[in-house]
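The values are calculated or read from the model by the stated rules, or taken from the named source; none is laboratory data. This one's a predicted model, so the numbers in the text were calculated from it and none came from an experiment. Methodologically, a virtual Cβ is constructed for each residue, glycine included, from the backbone with ideal geometry; neighbour enumeration extends over all protein chains shown. Note: areas computed on protein heavy atoms with side chains; ligands, DNA, RNA excluded. Shrake-Rupley method; radii C 1.70, N 1.55, O 1.52, S 1.80 Å.
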Amino acid sequence: MKLKFIDEFRNKKLVLGFAEKIKEVMPPSQINIMEVCGTHTQSFFRFGLDELLPRELKLIAGPGCPVCVSSQGYIDSAVKLCRDKSVVILTFGDMLRIPGTHSSLEKESACFGNVHIVYSPLDCVRFAKNHPDKKIVFLAVGFETTAPAIALTILSAKKEKLRNLFFLSSLKTIPPVMKELVVDKRLKLQGFLCPGHVSAIIGTNAYEFIAKKYKIACCIAGFEPLDILEGLYLLVRQIVEKRPQVMNQYSRVVRPRGNPRAQKIIARVFKTSDAYWRGFGSIHNTGLKIKKEFGVFDAESEFCIKGESQGYKATKSQCRCADILRGLISPKECGLFSKACTPENPIGPCMVSTEGACNAYYKYHK
Ligand code: SF4
């Protein structure tokens, strides 16, 4: 569909028309589709699209919130660093309230006052230059979308010969975790609504193995109501016609090979490694760690800590974020949802982050 302006993508008549088209092609049996990206989950409820779809079309929120999938061990490492008086932590805002085993960055910051929010990784370079007497640690959390900007920041720090800026990497890549979901028989997944932002970097080709090897329908979609409904329509048709393939509803942004320049910058600075995902455990080659060549910027070696690899630590919390991130339950099935756990008093990361499923359910679906 060739549309240009945002109000066209939100046009009520067109939106209702697409909802009808989905109903027309829906079979009587249930269809299970996962929206991998947290921004899709937010848009879906924010625009009330759930109320337009047939009951048989089950949408499952996936692990596409980078803050939510960061391990508890990673938060604990950040909290530990925060207690070092020579250190200043720079982070995106959502990380502040994620609970670690015993504390959070927000609580530590109240005591030590050394946690600052940044809006772009590149702000870290200026901050480090302005505070030469401090060790500045940036919490590098995100997927392929964020990784190029962080890689550029590391290259910039090298060019500036900075020796007081470090990165604690929890960067992750999306396609391999989708494989973990496909092989989980409990989910009975038939299709993926693939993330728009990540796909702009990695391209449509990155999902081919899911359609070809695992026979799961894929469609990359944008984030406006019409984008999402058209993406779902294309997925349902693939599933009904039993012709799984990778379709691209978001062709105004996403290309088959993605953004080769961004991929090159990522490959220049990072190497793939195993990474720990909340809810999944360690997944082979899903993380991005800083290459040896840029080791002077690696917080893990500078402070002799294990960030992501610390993984899971058992707690007595009844929070069910792990099951939510795996798509096994919906937020409402957690006994704490909207009672003990609210955005004002979040117990798990899925309620803290604006991309978290519990946060979206609470705000728009409670
Ligand atoms: S509602 Fe709160 S406690 Fe329950 S899974 Fe979500 S974040 Fe965790």
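Take the conditions (1) closer than 26 Å to Lys179 by Cα; (2) part of a helix (DSSP H, G or I); (3) among the β-branched types (Val, Ile, Thr); Thr286 misses just one of them, which is (2). For the stretch 340-363, the tally of residues that are open to solvent by 50 Å² or more (accessible area, probe 1.4 Å) and more than 9 Å from the ligand (Cβ to nearest atom) stands at 5.
There is no residue in the stretch 143-166 that is in a loop (DSSP other than H, G, I, E, B), within 22 Å of the chain's Cα centre (by Cα) and outside the structural domain of Thr272 (by TED's automatic domain parsing).
Among Lys21, Lys85, Lys58, Lys4, which is surrounded by fewer than 22 Cβ atoms within 10 Å (Cβ to Cβ) and assigned by TED's automatic domain parsing to the domain that holds Ile283?
Lys85
For the stretch 26-52, residues that are buried (at least 19 other Cβ atoms within 10 Å of the Cβ), in contact with a Lys or Arg (Cβ under 9 Å, 6 or more places away or on another chain) and in a helix (DSSP H, G or I) total 2. Beta carbons closer than 8 Å, at least 6 apart along the sequence or on distinct chains, pair a first residue in the stretch 323-349 that is farther than 20 Å from Asp184 by Cα and in contact (Cβ under 8 Å) with a residue 40 or more places away in the chain with a second that is of a type in the set (Ser, Thr, Tyr) and within 8 Å of the ligand (Cβ to nearest atom) for Ile347/Ser317; Gly348/Ser317.
Residue-by-condition table, conditions (1) of a type in the set (Phe, Trp, Tyr); (2) in a helix (DSSP H, G or I); (3) under 26 Å from Leu155 (Cα atoms); (4) modelled with pLDDT under 95:
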{"site": "Leu90", "(1), (2), (3), (4)": "no, no, yes, no"}
{"site": "Glu108", "(1), (2), (3), (4)": "no, yes, no, yes"}
{"site": "Ser120", "(1), (2), (3), (4)": "no, no, yes, yes"}
{"site": "Arg126", "(1), (2), (3), (4)": "no, yes, yes, no"}
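Applying the set (1) touching a residue at least 40 places away in the same chain (Cβ under 8 Å); (2) open to solvent by less than 10 Å² (accessible area, probe 1.4 Å); (3) not aromatic (Phe, Trp, Tyr) to Ile75 leaves exactly one unmet item: (1).
Could you go through the stretch 77-88 and let me know if any residue there is β-branched (Val, Ile, Thr), farther than 14 Å from Leu232 by Cα and not in a helix (DSSP H, G or I). Scanning the stretch 77-88, I find at least one residue that is β-branched (Val, Ile, Thr), farther than 14 Å from Leu232 by Cα and not in a helix (DSSP H, G or I), so the answer is yes.
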